[in-house]
Amino acid sequence: MFILLFGLWILLSGKLGFEICVIGAAVSAALYLLACRTLGYSPAGDLRALKKVGGGILYLIYLVKEMLWAGLVVMRLIYTKGRNMEPRLIWFRTDLMSESARAALSDAITLTAGTITVSQKDDLLCVHALDTSLAKGLEHSEFERKLRKLEKNV
Amino acid sequence: MANSIVTAVGLVFLAFGVFVFFTAVLGLYRFDYVLNRMHAAAVGDALGIFCILVGVILFHAPTLSSLKALLILMFMWITSPVASHLIAQAETVTSPNLKSECKEERR
């Protein structure tokens with residue numbers, strides 16, 4: 001968390017220098033202490049999160065790839081004149097256990113063009129799909145599999 | 001030479017990004033109903049923003065300013081699904097014609 005805050009400080013400063021680094025380190029340390037006292041962050045929790053970084057990065061790479069591909073598919077649908085699309089409102093249950101993993105699944109579904117998460121209550125998700133072809137295998141998606149794997153590493 | 005190549009690639013990304021946004025706007029006119037139109041807008045949110053910002057990053061590379069564009073991309077991708085989700089929920093709750101617009105399916 002400290003490293004993340006420090007990196008953000010450097011990034012927003014726009015240049016590297018001794019003064020910027022010293023002030024950045026002090027401000028980041030103060031913010032980290034405040035986060036530990038008020039938001040429940042701790043060095044042990046950070047180390048646990050660090051173990052999941054590799055899996056998280058792989059998940060993000062997969063997500064970006066799917067987002068870009070889905071964007072191209074929807075672009076093709078926009079230019080296909082006379083195509084009879086069959087929009088669907090699909091309800092399905094997910095077996096992800098944690099709230100954060102379920103939220104990540106909902107976000108991933110919404111970020112891939114062609115599907116939007118309309119609602120999510122407990123393990124029940126409601127997704128709107130632009131066409132039936134885009135809704136295939138929605139309930140057993142690769143996103144869910146990867147998130148389950150990340151969830152198990154907690 | 002290498003600089004020119006990077007600039008050219010950045011230009012290609014920017015041009016494709018503009019084309020993606022044009023397609024997204026076209027989709028808003030071509031698709032019927034709010035929920036379908038949201039999918040067209042999502043193309044701009046995902047692919048359009050990505051191409052434009054990658055173009056900007058390549059134009060400014062290698063500086064810290066180019067990494068700021070990456071930060072913008074991250075914030076856009078974190079906030080846009082929340083807004084989309086709320087708009088979609090508002091539409092499904094309030095639309096009286098939802099059943100004629102799309103079929104419901106339980107899996």
Item to check | Euclidean distance between Cα centres, segment A:50-108 to segment B:48-107, Å | outcome: 11 Å
Next on the checklist: Give me the inter-chain shielding for A:126-139: mean count of other chain Cβ atoms within 10 Å, whole number please.
Outcome noted: 3
Checklist entry - What is the P(r) of chain B, as percent of Cα-Cα pairs per 10 Å bin from 0? => result 14, 33, 28, 15, 8, 2
Checklist entry - How many nm separate the modelled label positions at residue B:18 and residue A:121, each set 7 Å beyond the Cα in the direction of the Cβ? => result 4.7 nm
Checklist entry - Using a 1.4 Å probe, how large is the accessible area of residue B:72, given in Å² and rounded to the nearest 10? => result 90 Å²
Checklist entry - At a Förster radius of 41 Å, what calculated FRET efficiency corresponds to the Cβ-Cβ distance of residue B:93 and residue B:64, to the nearest 0.05? => result 0.40
Item to check | Angle between chain B longest axis and helix B:34-43 axis [Cα atoms, degrees, rounded to 10] | outcome: 10 degrees
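What's the average, rounded to a whole number, of partner chain beta-carbon atoms within 10 Å of each residue's beta-carbon in A:67-75? Write out the running numbers ahead of the final one.
Numbers: counts 7, 4, 1, 5, 12, 3, 1, 10, 10.
So the per-residue partner count for this stretch is 6.
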Checklist outcome for this item: Each residue of B:79-90 has, on average, a number of other protein chain C-beta atoms within 10 Å of its C-beta equal to 4
Checklist outcome for this item: For residue A:57 and residue B:74, extending 7 Å from Cα along the Cα-Cβ vector and measuring point to point gives, in nm, a value of 1.3 nm
Checklist entry - log₁₀ I(q)/I(0) of chain A at q = 0.09, 0.11, 0.12 Å⁻¹, via Debye over equal Cα point scatterers, no solvent, to two decimals? => result -0.44, -0.62, -0.70
Checklist outcome for this item: Helix A:142-152 sits off the longest principal axis of the Cα atoms of chain A, rounded to the nearest 10 on a 0 to 90 degree scale, by 40 degrees
Next on the checklist: Here is the link list: A:121/B:99; A:15/A:149; A:81/A:149; A:149/B:103. Which ones come out longer than 30 Å on Cα distance?
Outcome noted: A:15/A:149; A:81/A:149; A:149/B:103
Next on the checklist: I'd like to know how segment A:20-105 sits against the 2.2 N^0.38 Å rule of thumb: what's its Cα Rg over that expected value?
Outcome noted: 1.77
Checklist entry - Helix A:2-13 versus the longest principal axis of chain A: what is the Cα-based angle in degrees, 0 to 90, to the nearest 10? => result 90 degrees
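Please state the charge dipole magnitude for chain A, taken about the Cα centre, from unit charges on C-beta atoms (+1 on K and R, -1 on D and E), reported in debye and rounded to the nearest 20.
260 debye
Could you sort the peptides A:67-77, A:82-92 by per-residue average Cβ neighbour count (10 Å cutoff), highest mean leading?
Top of the packing list down: A:67-77, A:82-92.
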Checklist entry - What FRET efficiency, computed as 1/(1 + (r/R0)^6) with R0 = 41 Å and r the Cβ-Cβ distance, is obtained for residue B:1 and residue A:12, rounded to the nearest 0.05? => result 0.80
Checklist entry - For the residue pair residue A:99 and residue A:36, what label-to-label distance in nm results when each label sits 7 Å from Cα along the Cα-to-beta-carbon direction? => result 2.5 nm
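May I ask you to compute the full-extension gain from residue B:8 to residue B:100, defined as 0.36 nm times their residue separation minus their alpha-carbon distance, rounded to one decimal in nm? Walk me through the numbers before you get to the answer.
Working: separation 92, 0.36 × 92 = 33.12 nm, distance 4.78 nm.
28.3 nm is the gain from fully extending residue B:8 to residue B:100.
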Checklist outcome for this item: Expressed in angstrom and ordered largest first, the alpha-carbon extents of the protein assembly as shown along the principal axes are 63, 49, 30
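The values are calculated or read from the model by the stated rules, or taken from the named source; none is laboratory data. Owing to the predicted nature of the structure, the values given are computational and were not obtained by experimental measurement. Because the Cβ atoms are built from the backbone with ideal geometry, glycine has one as well, and the counts that use them run over all protein chains shown. Note: areas computed on protein heavy atoms with side chains; ligands, DNA, RNA excluded. Shrake-Rupley method; radii C 1.70, N 1.55, O 1.52, S 1.80 Å.
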